[in-house]
1. Rounded to the nearest percent, how much of the accessible area of region 132-219 (1.4 Å probe, protein heavy atoms only) is carbon and sulfur?
2. Please list, in order along region 181-194, the HN-Hα scalar couplings obtained from phi with the Karplus expression 6.51 cos²θ - 1.76 cosθ + 1.60 (θ = phi - 60°), rounded to whole Hz, x for Gly and Pro.
3. Can you tell me the length gained on complete extension of the stretch residue 169 to residue 140, counting 0.36 nm per residue apart and subtracting the Cα distance?
4. Counting only heavy atoms of the protein chains, get the accessible area per residue of the chain (1.4 Å probe) and round it to a whole Å² value.
5. Treat the chain as a sphere of radius equal to its Kirkwood radius over Cα pairs and apply Stokes-Einstein at 10 °C in a medium of 1.306 mPa s; give the translational diffusion coefficient in µm²/s, rounded to a whole number.
6. Per DSSP H run of n ≥ 4, the term is -39500 (n - 2.57); total these for the chain, divide by its residue number, and report the mean residue ellipticity at 222 nm rounded to 500 deg cm²/dmol.
7. Measure off 7 Å from each Cα along the Cα-to-Cβ vector at residue 179 and residue 80, then give the distance between these two points in nanometres to one decimal.
8. For region 43-98, which whole-number percentage of the solvent-accessible area (1.4 Å probe, protein heavy atoms only) is attributable to carbon and sulfur atoms?
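The values are calculated or read from the model by the stated rules, or taken from the named source; none is laboratory data. Everything quoted here is computed from the prediction, not taken from an experiment. All Cβ positions, glycine included, derive from the backbone under ideal geometry; neighbour counts span all protein chains shown. Ligands, DNA and RNA are excluded from the accessible area calculation, which covers all protein heavy atoms including side chains. Shrake-Rupley method; radii C 1.70, N 1.55, O 1.52, S 1.80 Å.
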Amino acid sequence: KTSPLLLALLANGPVRMDGVTYYLHGNSIRICKSKRGAKKSRSEGEEKSSNQFTEARKMWRVYRRATGGLPIWKIWAKETHASKSDSVFHSVNSGCFRPGEGVWAFPIFRFSMGSLDAPVITDIARDSWTVTLRWENDVDRPKANASDQVYLGYFYGTQPRSPQMITCHNAHRGDGEVTVEIPAAGQPDGTPLHLYLFFGNENPDRFSPSEYAGLNSEE
């Protein structure tokens, strides 16, 4: 038999007791498990971590467009037994990002990772938007072939959330140097450039880590 007291209580709204909610449905009493209370607000640390992850996700999407689907991080994920290409990109580069700003630590950002030998830049020069990079070139080795393709990733100093990349089709590791015309893209003369030189094999299914070089105006 339904308690008159309980009916009177429920007339004013649901009653929660011991994880159970009692409420009226017409003239009948219904029972269900109580829903959890509202989630507590995130801590400052959780908020920063979430913002950092969001920035890394945005950078990954822009990076993929810039590289035209070149499988750099997909291959690096396989070589390091990581779960996914975006995960390994985040783990390597997330510390270089600031939420809402993009890359701030340009010298430690990795445009590429891989098992080929990294370039060792020996000289860099700039004449307006034309840049020349030279690197140390040794004999062929298992992880460094003279025929390796040259790639150049870059950021304009004014656009830290917009990575760009040029495939230097007629340049190879064995050349020891490359001269590239960076698109002005409406940027003021002398805009700082952040450059990332790296190599890939002919397939391409192996890449090298990138080597950073920064340029201000003409150097």
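1. Summing carbon and sulfur atoms, their accessible area is 43 percent of the total for region 132-219.
2. Values per residue, Gly and Pro as x: 9, 7, x, 5, 6, x, 7, x, 4, x, 4, x, 10, 10 Hz.
3. Length gained, residue 169 through residue 140: 8.5 nm.
4. Result: 58 Å² per residue.
5. The diffusion coefficient I find is 76 µm²/s.
6. It lands at -7000 deg cm²/dmol.
7. 3.7 nm
8. On the way: 1590 of 3210 Å².
Here it works out to 50 percent.
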